[in-house]
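The values are calculated or read from the model by the stated rules, or taken from the named source; none is laboratory data. Note that this is a predicted model, so its numbers are computed, not measured. Here the Cβ positions follow ideal geometry from the backbone for every residue, glycine too, while neighbour counts run over all protein chains shown.
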């Protein structure tokens, strides 16, 4: 029995190459045309991978021919950068992929959901058999363990997620937080949506153009506030997200100080993603105020990534243990299958019928 | 025999501290469950020690500095076990274990387990006064620990330097809620402790009374200033550390003078 993984990812191919092989095949087709017993196709924006089991060796070329569209099949002198992993390296690769170690943003969790979807799709079409079932179930378990036992998924890495994560570190649950969005640009909208998705219900939008403020407020489920009134809002709000095109600072310690005296018991979190900055940097020196400009948000994102990278060794150790254990369990299954027939015990049946 | 219980208990707290340090160095900072059980186990052995010592003395075992330190360590562990999980402040265990270890280690190493030359008679009001005051100290100690955690978290947020521990510390507002609740709990117990001190039936040394009332006033001032919004949370957190340092100094003073002039 052969089990292998053939694919290409952001490590080996650019997006133009990857898109030529994405969306043209199904797991069922690979089983049928690729002479495999079982197959699973994992396609994401960063990778196209086939995990398969066969009785005899299947060449990489046979699989890649299934992946490429009919129109491109006749291209000559074209050697796409496919990689091939077999046996324990195939298992290790899948465990690394599922745990987010092979992702462009180390530790991202989207890949696990995509792998689960790919497994579900292949299972529904009947392309997954006992081996891939065991392999993927173990991969999901490993990914969960890696996330639980290491900090690989800790820390946010985009402007919106950093803002939301910092807000949660300050306020805990965001459902009772009042957020003011100043400026109605694209990043503001994305970040506002990130806040709403984490439970913020009181969202106010202010913009020089009131119509645009109303538009954004409607889009994110908030309400518009006239631009002249935005400073007085600082008495009530917990989070200020600002990204106007103003050439000068809109918020200075002098403006904020009288309002802070009335709200000494509540912190104020300011995210200033405008360039030039809307908030004077001295505001960060004020008690109970936490000011993050675009550079500090980027710096937090970089720190998160660095922290995630530090966790890779711990994650690799967990994966390595699981690879050894999985390969052992498969070998035991194979040796049992090679023994003379005896009455199978409960739980061994599926393994026997699969020839493992 | 009783000291063995205390040694085992100290080993439990030491294990929690070592585990935290190892995890922290490995940058895999997930010590809460282990710490909670290690502190829980340590607490059981502390209780066994205090129980054996209490039976031996025929009264609450707070008769010398050694016992006071152990009782205080027991109070800190007790309040942590009650408060930590309730407010999801399990990481507090990583900060609580060193404090308890320090108190107990000091008690074990220093030659302070000096028995009174005369058998002390049981006085229920005096024992109630001493024990409830020490449990109040336990609450103040936890408020101090939460204060340290608050300042640590606040500092990281201000400087934009977020370390691994940042993601494991509770949110600032939750930490501050815990600080105020612990302050109120400690203050209520301490008020009870001071009031019961006047019911012991013995004249109390004036210096002790003045110092105890001064400490009570300090905590009352912190709570009142917070209530009137005169103090920002950061200053309240810092004052919790100052308050507990003062409480420790007072405790040492009271126990030291009590050993010189014991109440029969």
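Remarks
- Residue count, the stretch A:233-253 (criterion: out of contact with any helix residue (DSSP H, G or I) (no Cβ under 8 Å at 6 or more places or on another chain), closer than 30 Å to residue B:225 by Cβ and surrounded by fewer than 16 Cβ atoms within 10 Å (Cβ to Cβ)): 1
- Members of the stretch A:275-322 that are in a helix (DSSP H, G or I), surrounded by 22 or more Cβ atoms within 10 Å (Cβ to Cβ) and away from chain B (no Cβ under 12 Å): A:319
- Condition check for residue A:126: in contact (Cβ under 8 Å) with a residue 24 or more places away in the chain, more than 14 Å from chain B (Cβ to nearest Cβ), assigned to a loop (DSSP other than H, G, I, E, B) and more than 27 Å from residue A:12 (Cα to Cα): yes
- Residue check, residue B:206 modelled with pLDDT under 90 and away from chain A (no Cβ under 13 Å): yes
Residue-by-condition table, conditions (1) part of a helix (DSSP H, G or I); (2) at pLDDT 90 or above; (3) under 24 Å from residue A:331 (Cα atoms); (4) outside the structural domain of residue A:327 (by TED's automatic domain parsing):
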site: A:91; (1), (2), (3), (4): yes, yes, yes, no
site: A:101; (1), (2), (3), (4): no, yes, no, no
site: A:107; (1), (2), (3), (4): no, no, no, no
site: A:134; (1), (2), (3), (4): yes, yes, yes, no
site: A:146; (1), (2), (3), (4): yes, yes, no, no
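To keep it simple, each residue is scored yes or no on (1) modelled with pLDDT of 90 or more; (2) within 25 Å of the chain's Cα centre (by Cα); (3) not in a helix (DSSP H, G or I).
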position	(1), (2), (3)
A:189	no, yes, no
A:203	yes, no, yes
A:213	yes, no, no
A:241	yes, yes, yes
A:247	no, no, yes
A:263	no, no, yes
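- The stretch B:219-233, subset facing chain A (nearest Cβ under 10 Å) and in contact with a helix residue (DSSP H, G or I) (Cβ under 6 Å, 6 or more places away or on another chain), residue surrounded by the most Cβ atoms within 10 Å (Cβ to Cβ): B:233
- Any hit, the stretch A:27-37, residues being at pLDDT 85 or above and not in a helix (DSSP H, G or I): yes
- Breaking point among (1) within 9 Å of chain B (Cβ to nearest Cβ); (2) under 34 Å from the mean Cα position of the chain (by Cα), for residue A:272: (1)
- Selected residue [within 14 Å of chain B (Cβ to nearest Cβ) and either within 30 Å of residue A:37 (Cα to Cα) or touching a helix residue (DSSP H, G or I) at 6+ places or on another chain (Cβ under 9 Å) (or both)] from A:153, A:184, A:143: A:153
- Flag for residue A:256 being assigned by TED's automatic domain parsing to the domain that holds residue A:228, at pLDDT 90 or above, touching a helix residue (DSSP H, G or I) at 6+ places or on another chain (Cβ under 7 Å) and not in a helix (DSSP H, G or I): no
- Flag if residue A:327 is at negative phi and surrounded by 18 or more Cβ atoms within 10 Å (Cβ to Cβ): no
- Some residue of the stretch B:162-173 being within 14 Å of another protein chain (Cβ to nearest Cβ) and at pLDDT 90 or above: yes
- Residue that is modelled with the highest pLDDT, among those in the stretch A:161-174 that are more than 9 Å from every other protein chain (Cβ to nearest Cβ) and farther than 15 Å from residue A:291 by Cα: A:174
- Test result for residue B:156, part of a loop (DSSP other than H, G, I, E, B), surrounded by fewer than 22 Cβ atoms within 10 Å (Cβ to Cβ) and modelled with pLDDT under 95: no
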